[in-house]
Amino acid sequence: TQLLEQSPQFLSIQEGENLTVYCNSSSVFSSLQWYRQEPGEGPVLLVTVVTGGEVKKLKRLTFQFGDARKDSSLHITAAQPGDTGLYLCAGDNAGNNRKLIWGLGTSLAVNP
Amino acid sequence: DTAVSQTPKYLVTQMGNDKSIKCEQNLGHDTMYWYKQDSKKFLKIMFSYNNKELIINETVPNRFSPKSPDKAHLNLHINSLELGDSAVYFCASSQGVGGRKETQYFGPGTRLLVL
């Protein structure tokens, strides 16, 4: 069974701090997505990474796909209260089952 | 304009009842999904339909039955509700056949509480 492990599970920081969230697996993925879910809402896609070693930036968020395409990280610079939410990674195993493998999520709280 | 909509947003019901949750997407997508998110926030896929055809059917009790009258709608009917069914149910859609690099667009969720 493929699993995506995310760490840390919970993170509470002060506004202005930097943080990194990790998404790890022993399996190779053809692509990996990061979603953010705000309280009371459904997940919303932030980015999709496809190539091993790829780095994508979305304002203060930097996403990296591991060289071996087994892991990914999300780094947030100068976190703001608006970054609060549940961050989920989801991998596509390129198999025929047509479903994403979802991580358990990192719940981030940024305090003013 | 709401891309993926679900009704109702909240559902409180007694154990043993039968209930339905409706989902509609106006994005013209071919694939729709139902997910269950438990109290620990784990998002677990239940079903996926592509052009009204069932393509993913995870290990879900057969009390749960999806129905897709057309590719813009995927409803979820639950028979004989149990306490453990309490969760948030999300509907989602994507453009192609599902999975692979495609953005999934989620509805706002239906919060089901079984008493």
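None of the figures in this text is laboratory data; all of them are computed from the coordinates on show. Model, not experiment: these values are computed from the prediction. Because the Cβ atoms are built from the backbone with ideal geometry, glycine has one as well, and the counts that use them run over all protein chains shown.
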Rg(Cα) / (2.2 N^0.38 Å) computed for chain B, rounded to two decimals | 0.99
Hey, could you get me the Stokes-Einstein D for the protein assembly as shown, Kirkwood radius over alpha-carbon pairs, 37 °C and 0.692 mPa s, rounded to whole µm² s⁻¹?
-> 182 µm²/s
Once A:Arg60 and A:Val28 are pulled to full extension, the length gained, defined as 0.36 nm per residue separation minus their Cα-Cα distance, is 8.8 nm
Too long for a 22 Å Cα-Cα cut-off, among A:Lys59/A:Lys99; A:Lys99/B:Lys52; A:Lys99/B:Lys9, are A:Lys59/A:Lys99; A:Lys99/B:Lys9
What the 5 Å binned alpha carbon P(r) of segment A:22-112 shows, as percent of pairs per bin from 0, is 3, 15, 25, 25, 18, 10, 4, 1, 0, 0
Ordered by fewest other Cβ atoms within 10 Å, a rough proxy for footprinting exposure, B:Met15, B:Met32, B:Met46 read B:Met15, B:Met46, B:Met32
Provide a whole-number value for the mean count of partner chain Cβ atoms within 10 Å of the Cβ atoms in peptide B:103-109.
-> 5
